[in-house]
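Only one structure is covered here, and it is reproduced in the block below.
The values are calculated or read from the model by the stated rules, or taken from the named source; none is laboratory data. The structure presented is a predicted model; accordingly, all values stated were derived computationally and were not measured. Here Cβ is always computed from backbone atoms with ideal geometry, including for glycine, and neighbour counts include all displayed protein chains. Note: areas computed on protein heavy atoms with side chains; ligands, DNA, RNA excluded. Shrake-Rupley method; radii C 1.70, N 1.55, O 1.52, S 1.80 Å.
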Amino acid sequence: GGTISFTIDGRQQNAWQATVTYCDRITAMGYALEPLYETNFAVYNESSVENIFTIPMNKTLYTNQMQYLFRSRHYNHAKAYGLSGENGSSATKDALRVFGYDRTVLEYHPWEVAVDISDMPYEKTAGARMKKYAIDTNATKDGKLMENDIVLFRYADVLLMKSEAKVRNGENGDAELAQVRSRVGAVARPATLESLLDERLLEFAWEGWRRQDLVRFGRFTRAYSDRPQLAGEESGYTTVFAIPGNVLKMNERLRQNKGYLTSD
């Protein structure tokens with residue numbers, strides 16, 4: 001990014017400087033951090049001054065479904081609200097470490113999660129599940145049609161993006177990182193690429209940014225938790241998705257992306 005140039009208002013800037021400029025323009029539009037983090041994910045979160053792009057949700061007007069929460073919660077979690085769930089995805093062990101679960105006394109067993117947990121005593125209760133959005137107890141379709149608008153992009157990302165751009169450009173991004181952390185009562189810490197990647201996990205868990213962040217920080221292809229590195233993955237081929245077979249058949253000029261097998 002330091003060698004890519006843009007001309008903004010007659011001034012030439014590299015990619016990181018341009019990022020800071022446009023982040024400042026978003027600030028000038030009036031977006032700000034909500035004093036309470038949970039306001040962004042409330043049942044009726046349309047009033048949030050932090051949410052910039054959302055997917056509107058309304059159980060009678062739209063057919064969008066909140067799959068994240070539905071798929072993560074255990075059946076018994078859902079039953080407590082008269083709803084349903086799929087006993088699906090939970091946080092990785094790497095995520096638990098960043099969130100400091102090592103220092104937390106819990107009544108369940110998040111650390112027992114594994115890729116294959118058949119016949120283990122915690123088969124149905126292992127893993128830290130997702131409860132980022134407030135529960136809409138009046139949700140329909142087993143709890144998938146909720147009133148909470150799904151958050152795609154919010155002002156906290158603008159601040160962390162600005163901090164990262166400054167760090168990558170050899171500048172100090174502590175102030176922006178401190179703003180995000182102080183909102184939730186977390187102590188300030190220096191802005192480094194490592195601390196920013198951790199902060200993005202803390203701040204944006206279950207918001208759909210983790211894969212993109214890991215690719216940008218050069219961490220996506222590593223082995224982590226119970227996921228081994230795939231054969232040849234050190235080449236970085238998994239940072240680009242495979243082209244679906246039916247798409248390849250529609251256009252004979254297309255070739256499968258490097259690293260992926262081409263099936264007949």
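Points worth noting:
- Largest accessible area first, the residues VAL187, VAL240, VAL167 order themselves as VAL187, VAL240, VAL167 under a 1.4 Å probe with ligands, DNA and RNA left out.
- Its alpha carbons considered, the chain gives a radius of gyration followed by a Dmax of 21.0, 65 Å.
- Using only side-chain charges placed at the Cβ, +1 for Lys and Arg and -1 for Asp and Glu, the dipole size of the stretch 137-264 relative to its Cα centre rounds to 280 debye.
- Residue (of THR39, ILE26, LEU230) at the positive-pole extreme of the chain, dipole from beta-carbon charges: LEU230
- Ranked by the mean number of other Cβ atoms within 10 Å of their residues, highest first, the peptides 88-96, 215-223 fall in the order 88-96, 215-223.
- Contour minus Cα-Cα distance for ASP142 and MET120 (0.36 nm per residue): 5.1 nm
- Against the empirical curve 2.2 N^0.38 Å, the C-alpha radius of gyration of the stretch 159-238 lands at a ratio of 1.22.
- Here the Gaussian network model covers the chain, with springs between Cα atoms less than 10 Å apart; of VAL247, VAL49, VAL98, VAL247 fluctuates the most.
- Fully extending the segment from PHE153 to LYS258 would add 34.7 nm, taking 0.36 nm per residue of separation and subtracting the current Cα-Cα distance.
- Between ASN58 and ILE8, the contour length at 0.36 nm per residue exceeds the alpha carbon distance by 14.0 nm.
- Annotated for the chain: lysine pairs at least 8 residues apart or interchain, Cα distance under 15 Å, count 8.
- Taking label positions 7 Å along the Cα-Cβ direction at both THR27 and LEU193, the computed distance is 2.4 nm, reported to one decimal.
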